[in-house]
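These notes are about the structure you will find just below.
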Amino acid sequence: MRQVFRTGALVLLLATLRAGAAAKEPERGPLTPEQEAAITRAVEDELRESGAPGAAVAVVRGGETVYLRAFGVRSSEERTPVTPDTLFRLGSTTKMLTSLVALDAAAQGRLGLDVPVRTYVKDVHPALGKVTLRQLLSHTAGMREASPSVQSKDDEGLGRMVRGWKGDYLFAPPGDVFSYSGPGYWLAGLVLERVHGKPYADTMREVLFQPLGMARSTLRPLEAITSDFAQGHEGDGSELKVVRPMAENTAMYPAGSAFSSARELERFASVLVRGGLDGERRVLPEAAVRDFFTAQVPLPGAGPEDARYGFGLVRMRLDGTEVFEHGGVRRGYGSHFRFLPERQGAVLLLTNKNGVTLRKSLDVISRTVFGLPDPPAPLPDDPPLTAAEAERYTGTYAHADLVRFAVSWDGKRLVVTTDGAKPLQRTRQDGFRSEDGQEWVFVFKPGQPKARYLHTDLLTAARTGR
């Protein structure tokens, strides 16, 4: 099986989440010294534990910034301190920025979320041209996951890559099932290029970054490195090293390549949780912000109040508070953004070590500042399957040529085999857990006696054959 890249921070938040008490009114005013100290201690502890050289953290409450602090150093080699203005690469949290620019264009009538993308991208393969922007942004277009087929440093790279795609970039009928897809966001980024008539990076600067006062946020590494900039790192202990060369591919920009700082992101978050207003000045259309904070589709296996995906964000409820969030990992970096629009709140976390997203610190901040509960414990095991029940699930499932799962019955339990065999324990209707804690969900379609899809780690595989 090929290695499948996933947004680790996002995977961690997809446990089943239950609704609770009614949402609270936004809190106002500064944090107490005790609250500030608790946040600082949590971040410092997690940085020591993870070995990340540096981080920056911003917290917005009641529409105002109540915590903005930098930690550690920009590079393990030259020891310059991180500041609130230090640029970090965001990874997949870039997707919410792409989504917001698309929603801005839709609110202004420049594009339609529910019309075929061939309306804007005339030279896309006919099969791919049938999908809609709403489907692309909510990962329901049936687009496969894949590495970029073009490596480019010029602005034509994105269009050149998409023009080369064939119909096999669809692994499922559009609208049929959720499956996380970087290529879906690459195609969405090309739609924005065509609608705005300029390269994706320039579109983001002119439509989003400049109006929100995010002057140094950029997609372009050659711009980022001329500013206060954090080098990406990988490895541990004595093996910690700066990532060289820095990843650069314009074809990948729309799904995970933006650079920004804690200071500029807290400004971005403050405008969003105030409904698109910067003081009395409107900088984002009200309709775009409303759609940005609207759930679109349930994740496979989700119940009525469980996690749903919106436009570059996962929506859930924690103790009655609606929360939207997403994590990001790009080689050498990690990030996690959480928004609480009903409370006009946000938590923004950035690090310069591969895969470190400060998840423990997020939980401490959410509890200390917003009174949210800790994440729930995993669901208990359900009664084991019978052989007759197992027949509904057994078979082979594949996600294009990326990964293949063989699901079998060993007489006592289901076993899924990829590189190795993993016994599955049922946790809920059509939901299972392997011994390593990975969740597996089988998806059925009306009138079909056997599962049509197998979903795990944000990726969905389709049944092959019978």
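The values are calculated or read from the model by the stated rules, or taken from the named source; none is laboratory data. Here the structure is a predicted model, which means the values were calculated and not measured. Ideal geometry is used to build each Cβ from the backbone, glycine not excepted, and the neighbour counts take in all protein chains shown. For the accessible areas, the whole protein counts, side chains as well, though only heavy atoms, and no ligand, DNA or RNA atoms are used. Shrake-Rupley method; radii C 1.70, N 1.55, O 1.52, S 1.80 Å.
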Checklist line | Sequence-distant residues sharing a close amide H with G175 (under 5 Å, placed H) | finding: A141, G142
Check: From the backbone phi of region 65-77, what are the Karplus-calculated ³J(HN,Hα) couplings (6.51 cos²θ - 1.76 cosθ + 1.60, θ = phi - 60°) in whole Hz, Gly and Pro given as x?
Finding: 6, 10, 8, 8, 8, 10, 9, x, 10, 6, 8, 5, 9
Note to self: Considering only C-alpha atoms, what is the centroid distance from region 145-169 to region 213-271, in Å?
What the structure shows: 22
Next item on the list: Please work out whether region 384-446 counts as rounded, prolate or oblate from its C-alpha gyration tensor, where a ≥ b ≥ c are the square roots of the eigenvalues and a/c under 1.5 means rounded, while otherwise a/b larger than b/c means prolate and anything else oblate?
Entry: rounded
Next item on the list: Would you rank R317, R404, R359 by solvent-accessible area, highest first, keeping every protein chain in place and using a 1.4 Å probe?
Entry: R404, R317, R359
Item checked: Accessible-area composition of region 205-251, carbon plus sulfur, in percent [1.4 Å probe] -> 52
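Can you pick out the pairs among K153/K445; K241/K360; K95/K450; K122/K445; K130/K360; K95/K445 whose Cα atoms lie more than 31 Å from each other?
As for pairs spanning more than 31 Å Cα to Cα, those are K153/K445; K95/K450; K122/K445; K130/K360.
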Next item on the list: May I have the pair-distance distribution P(r) for region 60-132, computed from all Cα-Cα distances with 5 Å bins from 0 and rounded to whole percent?
Entry: 3, 12, 11, 13, 16, 11, 7, 8, 11, 8, 1
Note to self: Assuming 0.36 nm per residue, please report the length gained on full extension of the stretch R413 to D202 beyond their Cα-Cα distance.
What the structure shows: 70.6 nm
Next item on the list: Please work out the FRET efficiency for the pair D114 and R404, using the Cβ-Cβ distance as r and a Förster radius of 41 Å; give the result to the nearest 0.05.
Entry: 0.80
Notebook entry, point to check: What value, in deg cm²/dmol to 500, does the helix sum -39500 (n - 2.57) over DSSP H runs of n ≥ 4 give at 222 nm once divided by the residues of the chain?
Noted result: -7000 deg cm²/dmol
Notebook entry, point to check: Once fully extended, how much extra length lies between K360 and K153, figured as 0.36 nm per residue of separation less the alpha-carbon to alpha-carbon distance?
Noted result: 70.9 nm
Next item on the list: Calculate, in nm to one decimal, what K241 and A388 gain on full extension: separation in residues at 0.36 nm each, minus their alpha carbon distance.
Entry: 47.6 nm
Notebook entry, point to check: Ordering K166, K122, K450 by how much accessible area each has at a 1.4 Å probe, largest first, what is the list?
Noted result: K122, K166, K450
Check: In Å², what does the accessible area per residue of region 129-227 work out to with a 1.4 Å probe?
Finding: 35
Next item on the list: Be a star and scan region 332-349 for residues whose amide nitrogen sits under 17 Å from the point 7 Å along the Cα-to-Cβ vector of E286.
Entry: 342
Next item on the list: Provide the solvent-accessible area of Y253, counting protein heavy atoms only and rolling a 1.4 Å probe, rounded to the nearest 10 Å².
Entry: 10
Checklist line | the chain - Rg and Dmax from Cα coordinates, angstrom | finding: 21.8, 66
